[in-house]
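Step one of this worksheet: look at the structure below.
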Amino acid sequence: MSPKKIIGIDIDGVITDETHINDNIWHDALCNYLGYEIERVKDSYYFDEAYNLPLEIINDFLEKNIATIYANAKLAAGARETINYLYDKGFEIHLITAREPEFETLTRNWLDKQGILYTSLNHEEDKAPLAVKKGINLFLEDNAYNTEALASCNISVLLFDKFHNRHIRENKNIIRIYDWTEARKMIEKIYSL
Ligand SMILES: [Mg+2]
């Protein structure tokens, strides 16, 4: 029997396209903010580590740029088609993002502009407890911490490959994928669509 059609999806790095390490919206904005081309020195999820910059500089950069970055984020290829296909097939689509709640309206507007259909939008950094509460049995995520927490709650994770999550090993609950074409194939297999 297929599991209940309830899935969770992260936004940044999953629905949005951040594919290129030194050529993405965050990197471009940081170079712009600093006024010079900076190179990433470490494959870290955290900007201060990744760029070897003081946290105060990163926090000031984020404070001044994050709303613009969210508002102008690029949609990942195939994301809309797959999400809307699932929505039309009767899936509950719970978007769970670590973005601060103050960005909810901005995020809803962006999703509307992109034509993405969803059941709920949730701003929550620690995703596993909420995912359990909602009965989510499959989660599309790129964050390492949340992936391991979800998997330990027996929720399957399609882990979107990123330089900052390469240390995560696949197991029965964690499947590494590289794009939405692969995500769709896996989802169709899991739910026998
Ligand atoms: Mg993410």
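Each value in this text was obtained by applying a stated rule to the coordinates, not by laboratory testing. All values reported here derive from a predicted model rather than from experimental measurement. Heads up, the Cβs are rebuilt from the backbone with ideal geometry, glycines too, and the neighbour counts pull from every protein chain shown.
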*Net charge dipole size for region 25-71 [Lys, Arg +1 and Asp, Glu -1 on Cβ; Debye, nearest 20]*: 80 debye
*Roughly how tilted is helix 25-34, in degrees to the nearest 10 and between 0 and 90, from the longest Cα axis of the chain?*
20 degrees
*aspartates and glutamates within cross-link reach of LYS42: Cα-Cα under 18 Å, excluding same-chain residues under 8 positions apart?*
GLU18, ASP23, ASP28, ASP142, ASP161
*Kirkwood Rh, region 25-71, all Cα pairs: how many Å?*
10.8 Å
*Among all stretches of the chain without exposed GluC sites (Glu not before Pro) (DSSP loop, at most 16 other Cβ atoms within 10 Å), which one is longest?*
40-123
_Out of all DSSP beta bridges in the chain, what portion is antiparallel? Express it as a percent rounded to 5._
10 percent
*asked:* Restricting to DSSP H runs of at least four residues, report the calculated mean residue ellipticity at 222 nm for the chain, -39500 (n - 2.57) per run over all residues, nearest 500 deg cm²/dmol.
replied: -12000 deg cm²/dmol
*Please work out the ratio of the alpha-carbon Rg of region 50-133 to 2.2 N^0.38 Å and round it to two decimals.*
1.28
*Using the alpha-carbon centroid of each, what span in Å lies between region 43-68 and region 112-181?*
23 Å
_Cross-link pairs beyond the 21 Å C-alpha cut-off, checked among LYS4/LYS133; LYS113/LYS189; LYS74/LYS162; LYS4/LYS113; LYS5/LYS127; LYS5/LYS189_ = LYS113/LYS189; LYS4/LYS113
*Sort LEU138, LEU34 so that the residue with the fewest other Cβ atoms within 10 Å of its own Cβ comes first and the one with the most comes last.*
LEU34, LEU138
_Show log10 I(q)/I(0) for the chain at q = 0.10, 0.14, 0.15 Å⁻¹, two decimals, from a solvent-free Debye sum over equal Cα scatterers._
-0.41, -0.80, -0.92
*How high is the relative contact order of the chain, in percent, with contacts defined as C-alpha pairs under 8 Å that are six or more residues apart?*
26 percent
*Neighbouring Cβ atoms within 10 Å as the yardstick, rank LEU53, LEU95 fewest first.*
LEU53, LEU95
